[in-house]
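Have a look at the structure below, then the notes.
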Amino acid sequence: MIQYIKDILSGIKNLLLGMKITMINFIRKPITECYPENRGVKVYSPRFRGELIMPHNANNEHKCTGCGICQMNCPNGTITVKTKQVEIGEGKTKKVLDQYLYDLGSCTFCGLCTMGCPQKAIVWSNNFEHSVYRREKLVNQLNREGSKQEEKKPVTPPTVEKKVETPKTEETKDVNPNNQ
């Protein structure tokens with residue numbers, strides 16, 4: 001009988017604790033996002049994954065080499081990299097990016113494509129508004145029309161000046177106490 005009364009009192013205590021939390025939230029001022037109105041002032045996390053983009057510079061150049069690592073890393077085939085062979089002179093050919101297709105509708109936003117890209121050619125944007133009436137509109141070509149790969153500037157190794165060592169005599173050895 002004593003255990004029964006303890007269980008009832010414990011139930012009433014837990015009920016009152018739950019009612020206290022409910023009343024605090026009932027009285028508190030609501031925290032509401034005015035979404036369409038504050039679209040420009042919304043601050044996103046730097047790691048937010050909204051949509052995959054390929055940045056281009058002012059000369060319409062991108063960093064993508066068309067290696068296809070992002071396509072291989074994609075777990076559900078969201079990315080399709082189409083390349084073509086271009087003759088660069090003297091009978092030599094080079095593989096260049098023709099089309100970079102991204103299916104936003106089947107993307108899981110896992111980030112494996114951006115983590116695996118050796119050139120850092122694709123990044124995540126904060127755009128999260130993807131409402132369309134037809135799924136075909138979710139397939140985007142990320143490389144712009146007429147864009148080309150960014151030319152890498154040759155890295156020149158820094159010049160190193162060689163020190164000419166003079167033979168040490170008995171007088172110079174005694175002057176420098178660190179050189180023993």
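Compared with the alpha-carbon gap, the fully stretched path from PHE26 to ILE5 is longer by 4.4 nm at 0.36 nm per residue.
A convex hull fitted around the alpha carbon atoms of the stretch 1-118 yields 215 Å³ per residue.
Quick one: net charge around GLY50, please, counting Lys, Arg +1 and Asp, Glu -1 for every other residue with C-beta under 14 Å from its C-beta. Present the calculation step by step, with values, prior to reporting the outcome.
Details: positive: ARG39, LYS42, ARG47, ARG49; negative: GLU51, GLU129.
After counting each charged neighbour, the total is +2.
Go through LYS42/LYS95; LYS82/LYS137; LYS92/LYS137; LYS92/LYS148 and tell me which ones have a Cα-Cα distance over 30 Å in this structure. Distance filter (> 30 Å) returns LYS42/LYS95; LYS92/LYS137. Relative contact order of the stretch 51-149: 39 percent, from C-alpha pairs under 8 Å at least 6 residues apart in sequence.
For the stretch 51-149, count the residues as N, evaluate 2.2 N^0.38 Å, and divide the Cα radius of gyration by that value, please. Before the final figure, lay out each step's value.
Values: Rg = 14.2 Å, N = 99, 2.2 N^0.38 = 12.6 Å.
Dividing the Cα radius of gyration by 2.2 N^0.38 Å gives 1.12.
Since every read-out is calculated from the coordinates, none of them should be taken as a lab result. The shown structure was predicted, so the numbers you read here are calculated from the model rather than taken from an experiment. Cβ atoms come from the backbone with ideal geometry, glycine included; neighbour counts cover every protein chain shown.
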